[in-house]
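Novice: This is the structure, below, for whatever I ask next.
The values are calculated or read from the model by the stated rules, or taken from the named source; none is laboratory data. Model, not experiment: these values are computed from the prediction. Methodologically, a virtual Cβ is constructed for each residue, glycine included, from the backbone with ideal geometry; neighbour enumeration extends over all protein chains shown. Calculation scope for accessible area: heavy atoms of the full protein, side chains included, ligands and nucleic acids excluded. Shrake-Rupley method; radii C 1.70, N 1.55, O 1.52, S 1.80 Å.
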Amino acid sequence: MLSPNDGDEFISIFSEGDEQRLNEVNIPEQLPVLALRNAVLFPGVIMPINISREKSVKLARTAYSNAKNIAAVMQRDSKQDDPSFDDLHKMGTAARILRLLEIPNGSITIILQGTRRVLLENMVSDDPFFVASVSVQEEIMPAMPNENYDLTVGSVRDVSMAIVKLSPHITPDAVSAIKNIDNRQFLINYLASNTEVSGDEKQKLLELDHVDERAASLLEVLLRERQALELKSEIQQKVNKGIDQHNREFFLHEQMKAIQAELGGNPVEQEVRLLREKAKTKKWNEDVAEVFDREATKTEKMMQHSGEYPGQLNYLQTLVDLPWGEYSEDKLDLDEAQKALDNDHYGLEEVKERMLEHLAVLKLKGDLKSPILCLYGPPGVGKTSLGKSVAKALGREFGRISLGGLHDEAEIRGHRKTYIGAMPGRIVQTIKKCKTSNPVIVLDEVDKVGSDYRGDPSSALLEVLDPEQNSAFHDNFLELDYDLSHVLFITTANNAATIHPALRDRMEMISVSGYTQEEKVEIVKRHLLPRLLQDHGVKPQQLQIPDELIVATIEDYTRESGVRSVEKQLAKIIRHTAKLIASGKACEPTLTLSALREALGVPKFFKDKALENAFTGVATGLSWTPNGGEIVFVEASISKGKGTITTTGSLGDVMKESAVIALEYVRAQDERLKIDPKMFTENNLHIHVPEGAIPKDGPSAGVTMVTAIASVFTGRKVRRGLAMTGEVTLRGKVLPVGGIKEKMLAAKRAGITDILLPAENKRDIEEIKEKYLQGLNFTFVEAVQEVLDSALEA
């Protein structure tokens, strides 16, 4: 705790002083005034001061040879070399010159001891130095005993000793000195005089008359000083630790370099040399070769422990690992390809035919840009696994990229290699993994790609899936163009409507509809059951499932267009059988209905039946969902009221509008339908679609709603075994709808025999294979009146 110079250097000296003696010192009414820079002398404190100013030297010599009493007062501005009387603070300390020391350079050092505080009243003389009239300012001691004062002084002592320990330039002996000061007033003055704060703050402490207030203010000053020293010490420790670690690492690296030199080589140079050897075998073009050579040379100049080195080495390894211009040879035997596709998948004829066409053109032409196919349809129909089968049939490597929930464009294009942890996009990573430039890559769930502030991956896919652009696909990590034109991309989706329009335009859209019950049985027998038995360690002779129980499993425990749930239920049956076999219990090799119920529990689903027509106002419709086709029932009822219409069943806006249109059409046809007009104004109409927890929307229920409303108002029941679908207009036209195949499958599952369809959907029926339509009778209609004539009983 050394104070800064008052303008003349000083060093604090510890002395308890004799308080009683100092208080009895007689202070003359006039005293020579010594101006101090940045220093404040407190009563009782001994302080050496170096004096070099001519006026101050004269004052010191004169006072020392006479009464030796002076007034030590701090000047307001420490930069002034010749301050006036008004430039001095009014409060100072009377002091005695204990000793005067001559310095060889002409300056002198005096040792002062403060006695009592004095107030400068008036200047008496300013030549050859200031002389002023002064008045003694008594220091007011607190009434004793005083617990607060005792605690404050104790805290001052503790904090000051802590500061001594934290200050590197203060000798530890100062702690003993502070401990040995018994006089509390002197302790306060001593610490106030020697603390490392500005002269202005010391002056404020001196001007406080009450000693307890000075102690409290001093404690605040010391606490600030201790906090600053603790922070400084903490920073220095962190810096020293970092420097030590850096020096240690540098020393170890230097040792390692020396050892490596003895063993014969720099590891960086060895890494780059190995990469250059691999690069000689690559079939890349001149641009890639130039970039590799430039980056390799740059890497050789780096230190192995450099932060940039790992990223640079990763970039070179990626360039070398990519299969530039390397292609696998396609199998061009169409018969073998057909067998491979048929062995892995049952049905899906359109996709298989498209693959065989591509192979045929390759066989004839020898080269062809790969098509971009999009397989869309309900879950569980084999869209994703079909890609692996296609790769097997073509003799190509297979890669899969899941796009579901993807938000970051960099996942497709890659990150720039300047970023820490940068890597190529998923497209380039998959090609690197396949080790060939013409793999089959499945882009799964392309309809579920998202977009946010990080970019739009769908837009990045436009370049990947455009045959005219992907021959020069630019990955941000590579910063080079890569040829994707030989890659066979197969995308999958559940809902084609949610795919980015520009993306959908670049792909061949192939619908993969759901399976009929007969197809599911064949898939179970040919593919699922043999694989599941093998996976669970059960031999085929230990478990045989009859066709009728496969049908029971499909109908009673699943409701889907695909076979994913069927596979889960079969696995449950096999696990149940494996448990019986492993525990040594009796187990019939042929599954029975009771064993099926024991393994799977009570049936979870019941076959939809649209055959009951005991009530009027109920019509059966056909709907499409992402999980396949479903049948829906539209119920209409009337009650006394004022002609309002109510719709329930979680209907969307489009379905609600269809209900309003249907009601208005029936009202407009009241004479033809023989309905009393008063029924519309004296009754309320309620339309309900069951399974109210499931949201429903779309225009295809229009004809079903018209039929239900007409049935309830005319009292005529809807024909048994009849279902329908189609959009209606106010003019009574029936418009075409989509999802026809899925709806036909749903009708067959429900046992429906007669179906009303819009006339324009006849072309969709003609595209469906005959086996899907067996047992169904179609009536094609153009107007709502035709619907009512066919649907309502006489």
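Novice: With n ≥ 4 as the cut-off for DSSP H runs, can you work out [θ] at 222 nm for the chain, using -39500 (n - 2.57) per run divided by the number of residues, rounded to the nearest 500?
Specialist: -13000 deg cm²/dmol
Novice: Something else: Against the empirical 2.2 N^0.38 Å scaling, what ratio does the C-alpha Rg of the range 667-776 come to?
Specialist: This ratio for the range 667-776 stands at 1.21.
Novice: What percentages, rounded to whole numbers, describe P(r) for the range 57-118 computed over all alpha carbon pairs with 10 Å bin width beginning at zero?
Specialist: Computed distribution, short to long bins: 21, 44, 34, 1.
Novice: What does the accessible area per residue of the chain come to in Å², with a 1.4 Å probe and no ligands, DNA or RNA counted?
Specialist: 49 Å²
Novice: Helix 267-279: angle to the longest alpha-carbon principal axis of the chain, degrees 0 to 90, nearest 10?
Specialist: That helix lies at roughly 20 degrees to the long axis.
Novice: Also: Taking a point 7 angstrom from the Cα of LYS642 along the C-beta vector, which residues in the range 666-701 have backbone N less than 16 Å away?
Specialist: 680-685, by backbone N distance to the label point.
Novice: Same structure again: How much space per residue, in cubic angstrom, does the convex hull of the C-alpha atoms of the range 328-418 take up?
Specialist: Measuring per residue, one finds 127 Å³ for the Cα hull of the range 328-418.
Novice: Please work out how much length the chain gains when fully extended from LYS232 to ASN777, using 0.36 nm per residue of separation minus the C-alpha to C-alpha distance, in nm with one decimal.
Specialist: Gain in length upon complete extension: 187.0 nm.
Novice: Still on this model: For the ranges 780-788, 322-330, what's the packing order if you count other beta-carbon atoms within 10 Å of each residue, average per peptide, and put the highest first?
Specialist: Top to bottom by mean Cβ count within 10 Å: 780-788, 322-330.
Novice: What are the extents of the Cα atoms of the range 34-83 along their three principal axes, listed from largest to smallest and rounded to whole Å?
Specialist: Projected onto the principal axes, the Cα atoms of the range 34-83 cover 30, 26, 15 Å.
Novice: Given the protein chains as shown and a 1.4 Å probe, how many square angstrom of HIS688 are accessible, to the nearest 10?
Specialist: 60 Å²
Novice: For the cross-link pairs LYS383/LYS741; LYS352/LYS568; LYS717/LYS762, which exceed 23 Å when the distance is taken from alpha carbon to alpha carbon?
Specialist: Result: LYS352/LYS568; LYS717/LYS762 exceed 23 Å.
Novice: Would you pull out the residues with amide H under 5 Å of HIS210's amide H, same chain only if 5 or more places away, H placed 1.01 Å from N?
Specialist: Residues meeting the criterion, in which the H sits 1.01 Å from N, are ILE140.
Novice: To the nearest 10 degrees, how steep is helix 740-749 against the longest Cα principal axis of the chain, on a 0 to 90 scale?
Specialist: In the chain, helix 740-749 runs at an angle near 70 degrees to the longest axis.
Novice: If R₀ is 56 angstrom, what is the calculated FRET efficiency for the pair ASP697 and LYS363, using the beta carbon separation as r and rounding to 0.05?
Specialist: 0.70
Novice: In straight Cα distance, which lysines are under 18 Å from LYS90, not counting same-chain residues fewer than 8 positions off?
Specialist: LYS202, LYS204
Novice: Let me ask another. Tally the DSSP beta bridges in the range 390-536 and give the antiparallel ones as a percent, rounded to 5.
Specialist: 30 percent
Novice: Could you state the angle between the C-alpha long axis of helix 564-582 and the longest principal axis of the C-alpha atoms of the chain, as a value from 0 to 90 degrees rounded to the nearest 10?
Specialist: In the chain, helix 564-582 runs at an angle near 90 degrees to the longest axis.
Novice: Oh, and also: Taking H as built 1.01 Å from N, whose amide H comes closer than 5 Å to the amide H of THR646, not counting residues under 5 places away?
Specialist: Here the answer is LEU685, HIS686, ILE687, since their amide H atoms fall under 5 Å of that of THR646.
Novice: Quick check for me: using +1 on Lys/Arg Cβ and -1 on Asp/Glu Cβ, what's the dipole size of the chain about its Cα centre, in debye to the nearest 20?
Specialist: About 2640 debye.
Novice: Compute the whole-percent fraction of alpha carbon pairs in the range 51-174 spaced more than 25 Å apart.
Specialist: 45 percent
Novice: Among ALA750, ALA662, VAL175, whose Cα projects farthest towards the positive end of the dipole of the chain, with charges put on the beta-carbon of Lys, Arg (+1) and Asp, Glu (-1)?
Specialist: Farthest towards the positive end: ALA750.
Novice: Follow-up question, since we're still on this one. Tell me the Rg and the Dmax, in Å, that the Cα atoms of the range 357-483 produce.
Specialist: Cα radius of gyration and Dmax of the range 357-483 are 15.3, 48 Å respectively.
Novice: Given points 7 Å out from each Cα along the Cα-Cβ axis, report the LEU151 to MET509 separation in nanometres with one decimal.
Specialist: Each label point is offset 7 Å from its Cα along the Cβ direction, giving 8.2 nm.
Novice: Once you charge only the Cβ atoms, +1 for Lys and Arg and -1 for Asp and Glu, what is the size of the charge dipole of the range 711-794 about its Cα centre, to the nearest 20 debye?
Specialist: Roughly 300 debye for the range 711-794.
Novice: Which of LEU332, GLY414, ALA578 sits closest to the plus end of the dipole of the chain, meaning its Cα is farthest towards the positive end, when Lys and Arg get +1 and Asp and Glu get -1 on the C-beta?
Specialist: ALA578
Novice: Which of VAL446, LEU229, ILE545 sits closest to the plus end of the dipole of the chain, meaning its Cα is farthest towards the positive end, when Lys and Arg get +1 and Asp and Glu get -1 on the C-beta?
Specialist: Final value for the positive-end residue is ILE545.
Novice: How far apart, in nm, are the 7 Å Cα→Cβ label points at ARG61 and GLU598?
Specialist: Label at ARG61, label at GLU598, 12.6 nm between them.
Novice: Beta carbons within 10 angstrom, averaged per residue: use that to sort the peptides 518-527, 285-294, highest first.
Specialist: Ranked from most to least packed, the peptides come out as 518-527, 285-294.
Novice: Also, quick follow-up: Determine the share of the chain's accessible area contributed by carbon and sulfur atoms, expressed in whole percent, with a 1.4 angstrom probe.
Specialist: 50 percent
Novice: Do the alpha carbons of any pairs in LYS369/LYS417; LYS301/LYS432; LYS525/LYS771; LYS282/LYS433; LYS278/LYS435; LYS165/LYS232 sit beyond 25 Å of each other, and which pairs?
Specialist: LYS369/LYS417; LYS301/LYS432
Novice: So, in nm, how far is label ASN314 from label ARG763 when the simple model puts each one 7 Å beyond its Cα toward the Cβ?
Specialist: 5.3 nm
Novice: Can you give the FRET efficiency for ASP126 and HIS210, using 1/(1 + (r/R0)^6), R0 = 41 Å, r = Cβ-Cβ distance, to the nearest 0.05?
Specialist: Efficiency, from the Cβ-Cβ distance: 0.75.
Novice: With every atom except the alpha carbons ignored, what do you get for Rg and Dmax of the range 549-603, in angstroms?
Specialist: 11.6, 38
Novice: While we're looking at this one, here's another question. With charges set only on the Cβ (+1 for Lys and Arg, -1 for Asp and Glu), what does the dipole of the range 308-457 come to about its Cα centre, in debye to the nearest 20?
Specialist: 340 debye
Novice: If the range 533-659 were replaced by its equivalent ellipsoid, with semi-axes equal to the square roots of 5 times the Cα gyration tensor eigenvalues, what would those be, largest first, whole Å?
Specialist: Equivalent-ellipsoid dimensions as semi-axes: 45, 15, 11 Å.
Novice: Another question, then. List the residues whose amide H sits under 5 Å from the amide H of LEU88, counting only those 5 or more places along or on another chain, with H placed 1.01 Å from N in the peptide plane.
Specialist: Amide H to amide H, under 5 Å and 5 or more residues apart or across chains, LEU88 pairs with ARG76.
Novice: Could you tell me what percent of the DSSP beta bridges with both partners in the chain are antiparallel, to the nearest 5?
Specialist: Beta bridges within the chain, antiparallel portion: roughly 60 percent.
Novice: Can you compute the radius of gyration and Dmax for the chain, using only the Cα atoms, both in Å?
Specialist: 49.0, 143
Novice: What span do the alpha-carbon atoms of the range 99-226 cover on each of the three principal axes, reported in whole Å from largest to smallest?
Specialist: 48, 40, 24
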